[in-house]
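*Asks:* Okay, handing you the structure first.
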Amino acid sequence: MTLSARSRSVLAIVLLAGLLAPGLFAQRTGYTPEEFARRRAALMDQVKDGAIILFGDASVPAGAHFRQDNDFFYFAGNEDLGAVLVLVPASKASYLFLPQRSAREIQYDGPGLLEDADGKAKAGFADVLAVGDLDEFLARASGRVAGKLYVRLSPRDSLDDARSETALMEGRRARSHYNDQLSVDLYRIEKLRQRYPQMELRDIAPAIDAMRAIKTAEEIEILRRNGALSAEAVRQAMLATRPGVFEYELEAAAMAVVLRGGAKGAAYAPIVGSGPNSCIFHYEKNFRRVEAGDVVLMDFGADLDHLAMDITRTWPATGRFTDEQREVYRIVLEVEKACIEAYRPGATPKDVRDHVARVMKAKGIDPRGQMGGFGHGVGLAVHDVPLGGVLKEGMVFAIEPALYYPEKNFGVRIEDTVLITKTGCEVLTRGVPKEIDEIEALMAGRGK
Ligand SMILES: [Mn+2]
C-alpha cells in the first residue's frame with residue numbers, strides 16, 4: 001500500500017467531515033433488549049414444538065471488527081464469541097450458552113454476558129449457561145422437545161452475501177479437493193446428527209426469513225439513519241471528485257462520514273470505478289487516477305447497527321456530463337424513477353416492468369433493455385433474505401438499473417434503497433442527488 005499519499009488524504013478528509021451536518025453524527029440508534037425477546041417469542045409462536053438451536057460465530061475474521069452471524073444476532077442480540085441460543089417453544093423459554101473464559105481471556109477481550117449480571121437480567125433469557133453444558137441441557141429437555149431439533153440447514157447469509165451466494169462460494173471453494181472440507185455450519189449439522197440420531201433435524205431458515213423480510217419499527221429507524229448517513233457519504237465523495245484524484249480518495253471521503261456516524265464500516269467493499277472501471281460490476285481495487293472525461297460510478301453503503309444500505313451514483317469527473325453520457329444517464333434515471341413509482345404493497349415484478357414500459361413509451365425513451373422489476377432485499381445482509389413475488393409493507397429493496405458501454409469506457413448505474421410503506425415506498429437514500437442538474441449544480445459549487 002502507498003501509505004503516505006493515502007493516509008494524508010484520509011486525514012484531510014476526516015478533518016473536513018468534522019465540519020459537516022452535526023445532527024447526522026450526534027444521533028444514536030440501536031436495539032432494545034425487548035426487541036430481541038419479541039423476536040424470539042414470535043419465532044417460537046411459528047414453530048410451536050421441538051427445540052430451536054442457533055449457533056453464533058466462534059472466531060473474529062483477520063483485520064476486521066467482529067460481526068456476529070446474522071440469524072443468531074437477529075434473535076440473541078449478543079456478540080459474544082462461541083455463543084449458542086436455544087429456544088424451547090413448549091415453555092416459551094430461551095437460553096443462551098456461552099463459553100466459560102479464563103481471567104486472562106476476559107482481560108484481553110473484555111467481559112461478556114456471563115460476567116455481566118445486569119446485562120443477563122436485561123437480556124430476557126430464562127438462563128445464561130456454560131456452553132459445555134449444552135448437551136446435558138438437551139438431554140434433560142428431550143421430553144419437552146418431541147424429538148425435533150430446528151437448526152439452520154440452509155446456508156447462512158453474511159454481511160454482503162445472500163444464502164444462495166454463500167452456497168455458490170462454498171461450491172467454488174470445493175472445486176479443489178484440497179479445499180473441500182465441510183464448512184463450520186455443515187460440521188455442526190453433522191455433529192448434531194451423530195449425537196442425536198433419534199432426533200429429526202428440521203430447517204429453521206424459512207421461518208427466520210419470513211420474519212427478517214418484514215422490518216420492525218426499531219430496524220426502520222436504523223435503516224432511515226443509515227440511508228441518510230450513507231447518502232451523505234456518497235455526496236462527500238462527489239464533492240471530493242476532480243480530474244487527478246485517485247479512486248481511493250473518494251472511498252476515503254465516504255468512509256470518513258460513515259465511521260464518524262457510528263457505522264462499523266462499509267456493508268461491502270466500496271466500489272469506486274472511474275472510466276473503464278465503471279463497467280466492472282464489482283470493481284473494488286479503487287487505485288486508478290480519475291481523468292477528465294471519465295464518469296465515476298460509486299456503489300457504497302454503511303453497516304450501521306447490523307443493518308446494511310446500498311446506494312449507487314454515477315457522476316462526471318469534471319462536474320459536467322458529456323452529451324453521450326448525459327443521454328445514457330437520463331435513460332437509466334427514468335427507468336429507476338419509474339420503478340420507484342411502481343413499488344407499493346401488492347405489486348409484482350410484472351407490475352413494475354409494465355409500469356416502466358408505459359412510462360418509457362409515454363416519454364418516448366428507448367430503455368435499451370432496462371425493464372425494471374424487483375431488485376434485491378436489503379437488511380442484515382446487503383443481499384438479504386428472499387422476499388417472494390409480491391411487495392409488502394415493511395420490506396426493504398434496492399433498485400439498481402444500469403447500462404454499460406465498455407467500448408466507450410463508461411457505464412451508468414443508479415441505485416436507491418427503498419422501504420415499502422402502506423401506500424408506496426420511501427426512498428431511504430434520497431439525500432444524495434441523482435437528477436442531472438442537481439449533480440452538476442452540486443459539483444459546480446465544490447471549488448477547485
Ligand atoms: Mn445492490
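The values are calculated or read from the model by the stated rules, or taken from the named source; none is laboratory data. All figures in this text were calculated on a predicted structure; none of them were measured in a lab. Positions of Cβ are generated from backbone atoms using ideal geometry, with glycine treated the same way; all protein chains shown enter the neighbour counts. Just the protein is used for accessible areas: all its heavy atoms, side chains included, with ligands, DNA and RNA removed. Shrake-Rupley method; radii C 1.70, N 1.55, O 1.52, S 1.80 Å.
*Asks:* Which loop-located GluC sites (Glu not before Pro) does segment 194-297 contain, where loop means any DSSP state but H, G, I, E or B and the Cβ has at most 14 other Cβ atoms within 10 Å? Kindly include the intermediate steps, with their values, before the conclusion.
*Replies:* Numbers: sites: Glu200, Glu218, Glu219, Glu221, Glu232, Glu247, Glu249, Glu251, Glu284, Glu291; in loops: Glu284, Glu291.
Here the sparse-neighbourhood loop sites are Glu291.
*Asks:* Applying a 10 Å radius around every beta-carbon, put 159-166, 181-188 in order of their mean neighbour count, most first.
*Replies:* On the way: 159-166: 17.6, 181-188: 13.6.
Ranked from most to least packed, the peptides come out as 159-166, 181-188.
*Asks:* Another question about this same structure. Only loop residues by DSSP count here, and only those with at most 15 other Cβ atoms within 10 Å; note down the chymotrypsin sites (Phe, Trp or Tyr not before Pro) in segment 38-138 that meet that.
*Replies:* Details: sites: Phe55, Phe66, Phe72, Phe73, Tyr74, Phe75, Tyr95, Phe97, Tyr108, Phe125, Phe137; in loops: Phe66, Phe125.
Passing sites in segment 38-138 are Phe66.
*Asks:* Quote the charge dipole size of segment 33-213 about the Cα centre in Debye, to the nearest 20; the model charges only the Cβ of Lys and Arg (+1) and of Asp and Glu (-1). Don't jump to the answer; show the numbers that get you there.
*Replies:* Values: 25 positive and 29 negative charges, 104 e Å.
The dipole of segment 33-213 has a size of about 500 debye.
*Asks:* While we're looking at this one, here's another question. Rounded, prolate or oblate, given the Cα gyration tensor of the chain, with a/c below 1.5 counting as rounded?
*Replies:* Values: a/c = 2.09, a/b = 1.66, b/c = 1.26.
Prolate shape, in that a/c is at least 1.5 and a/b is the bigger ratio.
*Asks:* Add +1 for every Lys or Arg and -1 for every Asp or Glu among the other residues with Cβ under 14 Å from the Cβ of Ala58, and state the total. Please report the intermediate quantities before stating the final value.
*Replies:* Working: positive: Arg67, Arg101, Arg156, Arg188, Lys191; negative: Asp57, Asp69, Glu79, Asp80, Glu105, Asp109, Asp185.
Result for the neighbourhood of Ala58: -2.
*Asks:* May I pose another question? Computing the accessible area with a 1.4 Å probe over protein heavy atoms, can you report the carbon and sulfur percentage for segment 152-213?
*Replies:* On the way: 2040 of 3780 Å².
Using a 1.4 Å probe with all protein chains present, segment 152-213 comes out at 54 percent carbon and sulfur.
*Asks:* Let me know the shape class of segment 72-201, please: from the alpha-carbon gyration tensor, a ≥ b ≥ c as square roots of the eigenvalues, rounded when a/c is under 1.5, otherwise prolate if a/b is greater than b/c, or oblate. Could the numbers behind the result be given before it?
*Replies:* Working: a/c = 1.88, a/b = 1.28, b/c = 1.47.
The shape class here is oblate.
*Asks:* Within segment 233-317, report the trypsin sites (Lys or Arg not before Pro) that DSSP leaves as loop and that have at most 16 other Cβ atoms within 10 Å.
*Replies:* On the way: sites: Arg235, Arg260, Lys264, Lys285, Arg288, Arg289, Arg313; in loops: Lys264, Lys285, Arg288.
Here the trypsin sites (Lys or Arg not before Pro) that fit, given the DSSP loop and packing criteria, are Lys285.
*Asks:* Oh, and also: Given axes a ≥ b ≥ c from the Cα gyration tensor, I'd like to know whether segment 219-276 is rounded (a/c under 1.5), prolate (a/b larger than b/c) or oblate.
*Replies:* It is prolate, given that a/c is not under 1.5 and a/b is the larger ratio.
*Asks:* Turning to a different aspect of this structure: Quickly estimate the mean residue ellipticity at 222 nm for the chain, helices only: each DSSP H run with n ≥ 4 gives -39500 (n - 2.57), and the total goes over all residues, rounded to 500.
*Replies:* On the way: 15 runs with 177 residues, N = 448.
When only DSSP H runs of four or more count, the value is -12000 deg cm²/dmol.
*Asks:* Say each of Ile280 and Asp366 gets a label point 7 Å from the Cα, pointing the same way as Cα to Cβ; how far apart are those two points in nm?
*Replies:* 3.0 nm
*Asks:* Please tell me the relative contact order of segment 18-156 in percent, rounded to the nearest whole number, where contacts are Cα pairs under 8 Å and at least six residues apart. If you can, show how the numbers build up before the last one.
*Replies:* Numbers: 184 pairs, mean separation 38.9, N = 139.
Once normalised by length, the contact order is 28 percent.
*Asks:* Related question: Please list 3J(HN,Hα) in residue order for segment 56-68, calculated via the Karplus relation 6.51 cos²θ - 1.76 cosθ + 1.60 where θ = phi - 60°; whole Hz, with x for glycine and proline.
*Replies:* x, 6, 10, 8, 9, x, 4, x, 10, 5, 5, 9, 4
*Asks:* Under a crude label model (7 Å from the Cα following the beta-carbon direction), how far is Arg28 from Ala146 in nanometres?
*Replies:* 4.2 nm
*Asks:* If I take R0 = 51 Å and measure r between the Cβ atoms of Ala130 and Arg320 in this structure, what FRET efficiency does the formula 1/(1 + (r/R0)^6) give, to the nearest 0.05?
*Replies:* Details: r = 65 Å, r/R0 = 1.27.
Step by step, r from the Cβ atoms, then E = 0.20.
*Asks:* Please identify, among Pro401, Pro197, Pro243, the residue showing maximal mean-square fluctuation in a Gaussian network model of the chain using a 10 angstrom Cα cutoff.
*Replies:* Pro197
*Asks:* Could you tell me which of the pairs Lys363/Lys422; Lys92/Lys120; Lys215/Lys337 are separated by over 26 angstrom between their Cα atoms in the structure shown?
*Replies:* Numbers: Lys363/Lys422 28 Å; Lys92/Lys120 17 Å; Lys215/Lys337 23 Å.
Pairs exceeding the cut-off: Lys363/Lys422.
*Asks:* Would you calculate the separation in nanometres between label points at Glu170 and Arg38, each defined as 7 Å from the Cα along the Cα-to-beta-carbon direction?
*Replies:* Between Glu170 and Arg38, the simple spin-label model gives 3.2 nm.
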